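Note sheet for the following structure.
Bear in mind these aren't lab numbers, they're just calculated from the coordinates by the rules spelled out. Keep in mind that this is a model prediction, so the values were computed, not measured. Every residue, glycine among them, receives a Cβ derived from its backbone with ideal geometry; neighbour counts consider all protein chains shown.
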Amino acid sequence: MNKSDKIFVAGHAGLAGTAIVESLEYQGFSNIITRTRSELDLLNLNSVQEFFQNVKPDVVILAAAKVGGIHANNTFRADFIFENLQIQSNVIWSAHVSNVHRLVFLGSSCIYPKNCPQPIKEEYLLSGKLEYTNQPYAIAKIAGIELINSLRKQYNRDYFCVMPTNLFGKNDNYHPENSHVIASLIRKICEAKFSNKKEVIVWGDGTPLREFMYSRDLGDAVSFLAANVSFKDLEQCQLGKLHNLSHINVGSGVEISIKELAYKISSLVKYEGNINFDLSKPNGTSRKLMDCSILKELGWESKANFDESLSKTIVLFNQLKL
C-alpha cells in the first residue's frame with residue numbers, strides 16, 4: 001500500500017476494525033474510508049456495488065462480519081452462515097469488479113478442525129471435522145478463503161486472507177448472551193461485583209485452552225501485512241509452496257485455560273465471590289493455539305503483554321454505559 005491509497009475498512013466500528021483503523025492512522029495512512037451500517041448495508045449487493053462505483057477505493061480491508069460466542073453461534077446458526085456469506089461475497093466480488101488492487105479478508109481460527117494438531121498450522125485447513133457449535137460460521141469463513149484464493153488464481157488479484165486468533169480489546173461486544181469469552185467474563189464478573197452477587201457461573205468445566213490476542217496487536221499485524229506482503233509472490237516462493245499456503249495465521253502465542261482466565265479477571269476486578277462452572281454447558285474445542293511461524297518469518301510478531309492488555313480492556317468496559 002501507498003500512504004496516498006484510499007483504504008476502505010469494512011466493519012470499522014467493531015473490535016478488529018477499530019484496531020485496524022487506529023493502526024493505519026498511527027502509521028500515517030490518512031485516506032481511510034468508513035461507513036456505518038446505516039450508511040451502507042453490506043447485506044445489500046446493489047448498495048455495495050454503488051458504493052464501490054462511486055468511492056473507488058484502492059484497498060479494502062474486510063473486517064465486517066456477524067460474530068458471537070458459543071451460545072450465539074449455536075443458537076443463530078442460519079443467521080451466521082447466511083449473513084457472513086452475504087457480506088463477504090458482496091464486498092469481495094464488488095471489489096474485484098471495481099478493480100480494487102488490494103484486499104485483505106479477516107477470517108477466524110474456528111475454520112480449523114475440532115481435533116487439530118497443536119499448534120495449528122495453515123495447512124491443517126479442511127483436514128478434519130469442524131466444531132459443531134460454530135460450524136456454520138466456520139464454513140462461511142472457509143468459503144471466503146476459497147473465493148479470495150480463486151480470484152487470485154483466476155484473475156491475478158493480489159488479495160489474501162488472515163486468520164486471527166481469539167480477540168479482545170476496545171469496542172468489543174459485551175452482549176450478555178452473544179459475546180465472546182473474555183468480553184462475557186468481564187461483564188459477568190464486573191456486574192457481579194457491583195451488585196454484590198455471591199457467584200458467577202461460567203459455561204463448561206473451565207479446562208479448554210484458548211489463545212488470546214489484544215485487538216490493537218491484530219491491527220498492527222494486518223496493516224503490516226497489507227502494506228508489505230504480496231501474497232502472489234509469497235505463494236510462489238519456497239515458503240508458500242512448502243505449506244500449500246492459502247492464508248496467514250495471526251496470533252499471540254499466549255494460551256490460558258478458561259478457568260485460569262476467569263480467576264485472573266476476578267482478581268483484576270477484585271471480585272470476592274465464587275467462580276462456579278456449569279458442566280451441563282458445552283466446552284467447545286479443547287485447545288486452539290495458532291502456529292504463527294510464517295507471520296514471524298515475514299517480519300511481524302506479537303509484542304503486547306496479556307495482563308496489561310486485559311487490565312486496559314476492563315477499564316474500558318467500566319467506562320461504558322450498558
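Potential lengthening of the chain between Asn305 and Asn115 amounts to 65.6 nm, from the contour at 0.36 nm per residue minus the alpha-carbon distance. Partners of Lys232 within straight-line reach, counting aspartates and glutamates whose Cα lies under 13 Å from its Cα and excluding those fewer than 8 residues away in the same chain: Asp158.
Per residue, the chain reaches -13500 deg cm²/dmol at 222 nm when only DSSP H runs of four or more residues are counted, each adding -39500 (n - 2.57). Place a point 7 Å from Cα of Asn171 in the direction of its Cβ. Which residues in region 74-117 have their backbone N less than 12 Å from it? Hits in region 74-117 for Asn171 at 12 Å: none.
Using only the alpha carbon atoms of region 265-322, find the Kirkwood hydrodynamic radius as the inverse mean reciprocal pair distance, in angstroms to one decimal.
Values: mean 1/r = 0.0649 Å⁻¹.
Final number for the Kirkwood radius of region 265-322 is 15.4 Å.
Between Asn156 and Ala143, the modelled labels are 3.0 nm apart [label points 7 Å from Cα along Cα→Cβ]. Excluding same-chain residues fewer than 8 positions from Lys198, which aspartates and glutamates have a Cα within less than 16 Å of its Cα? Filter leaves Glu272, Asp278.
Taking the mean number of other Cβ atoms within 10 Å as a proxy for protection, how do you rank 45-56, 120-131 from highest to lowest?
Going from most to least packed, we get 120-131, 45-56.
Bridge orientation summary for the chain: considering DSSP beta bridges with both residues in this region, about 10 percent are antiparallel. Taking Tyr263, Tyr159, Tyr112 as the candidate residues, the one with maximal mean-square fluctuation in a Gaussian network model of the chain, Cα springs under 10 Å, is Tyr263. Of the residues Ala64, Ala192, Ala140, the one that moves most in a GNM of the chain with alpha-carbon contacts below 10 Å is Ala192. Within the listed set Lys66, Lys288, Lys198, the residue fluctuating most in the Gaussian network model of the chain (springs between alpha-carbon atoms under 10 angstrom) is Lys198.
Can you compute the FRET efficiency between Lys264 and Val55 using 1/(1 + (r/R0)^6), with r the Cβ-Cβ distance and R0 = 30 Å? Round to the nearest 0.05. Intermediate values should be presented prior to the final figure.
On the way: r = 43 Å, r/R0 = 1.45.
So, using R0 = 30 Å, E works out to roughly 0.10.
Modelled this way, with points 7 Å down the Cα-to-C-beta line, the labels at Glu191 and Glu123 are 4.6 nm from one another.
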